[in-house]
Amino acid sequence: MKINFVKILKASIAGLAAGSLFMLIIPAFLVILNISNDFAILKNDILWFMGIVLISASSLYFWYCTGLFSIFGKGTPAPIEPHQNLVSRGIYKHTRNPMYLCYFSIILGEFFVLGYILLLYYFLFIVVFINVYVIFFEEPALMKRFGLIYSTYKQDVPKWILF
C-alpha cells in the first residue's frame with residue numbers, strides 16, 4: 001500500500017487549523033477571562049503531569065488517526081478533501097470518533113496543566129457540543145454517503161469508547 005505523505009500533511013494541517021480554534025484560541029480567551037475575574041484555580045503537580053501526558057499522547061494519536069484517514073480513507077477528515085472510503089481499521093475498529101476523543105483529552109489536559117476552572121467548564125461544554133454535532137450532523141451525513149456500510153459499522157463499533 002502506497003502512503004501519500006502530501007495527503008497526510010494536508011489532512012494534518014486542516015485538522016490543526018480547525019482544532020486550533022477549539023484547543024488554543026478559545027482556551028486562551030478563557031484563561032484571560034479566568035484571570036481577570038479571579039475565578040478558581042486548581043493546581044498541583046500530579047494534575048500538571050497528567051495534563052502533559054494527556055496533551056502529548058493525544059497529539060500523537062491525532063496524527064495517527066489522520067494518517068489512517070489518508071491511507072485507508074483516501075482523503076482527509078476535513079471537509080476540504082473528504083475521505084472516499086469509510087475508515088474502519090486501526091483504532092476505528094474500537095471507536096467511531098477517536099479524533100474527537102483526542103480533542104477532549106487535549107482540552108482536559110489544558111485544564112490539568114493550567115488549572116483554570118473555566119477550562120474545566122469549557123471541557124464539559126465541548127463534550128456536549130461535539131456529541132450533539134456527531135448525532136445530528138456528522139452521523140446523518142456519513143449515513144447518506146456510505147449507506148449500509150456505515151449503518152453496519154455504526155451497529156458494530158461504539159460512538160465513543162464503551163457506548
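The values are calculated or read from the model by the stated rules, or taken from the named source; none is laboratory data. What you see is a predicted model; the values in this text were computed from it and never measured. All Cβ positions, even for glycine, are placed from backbone atoms using ideal geometry, and neighbour counts span all protein chains on display. Note: areas computed on protein heavy atoms with side chains; ligands, DNA, RNA excluded. Shrake-Rupley method; radii C 1.70, N 1.55, O 1.52, S 1.80 Å.
Things worth noting here:
- Translational D in µm²/s for segment 36-77 (Stokes-Einstein at 25 °C, 0.890 mPa s, Kirkwood Rh from C-alpha pairs): 191 µm²/s
- Alpha-carbon geometry of the chain: the Rg and the Dmax are 17.0, 55 Å, given in that order.
- Carbon/sulfur fraction of accessible area - segment 23-136, other protein chains in place, 1.4 Å, %: 74 percent
- Accessible area per residue (1.4 Å probe, heavy atoms of protein chains only) ranks 47, 33, 124 as 124, 33, 47, with the largest value leading.
- Note on residue 157 and residue 5: with the Förster distance fixed at 35 Å, the Cβ-Cβ geometry gives a FRET efficiency of about 0.80.
- For the chain, the mean residue ellipticity at 222 nm estimated from helices alone is -21500 deg cm²/dmol, where every DSSP H run of n ≥ 4 contributes -39500 (n - 2.57) and the total is divided by all residues, rounded to the nearest 500.
- Computed from label points 7 Å out along Cα-Cβ, the spacing between residue 17 and residue 145 is 1.7 nm.
- Using the Cβ of residue 98 as centre and a radius below 13 Å, the other residues enclosed give a net charge of +4, where K and R count +1 and D and E count -1.
- Accessible area of segment 81-163 divided out per residue, in Å², using a probe of 1.4 angstrom: 54 Å²
- Packing rank of 114-120, 139-145, where each peptide gets the mean count of other beta carbons within 10 Å, highest leading: 114-120, 139-145
- Taking only the Cα atoms of segment 37-125, the ratio Rg/Rh comes out at 1.11, with Rh defined as the Kirkwood radius.
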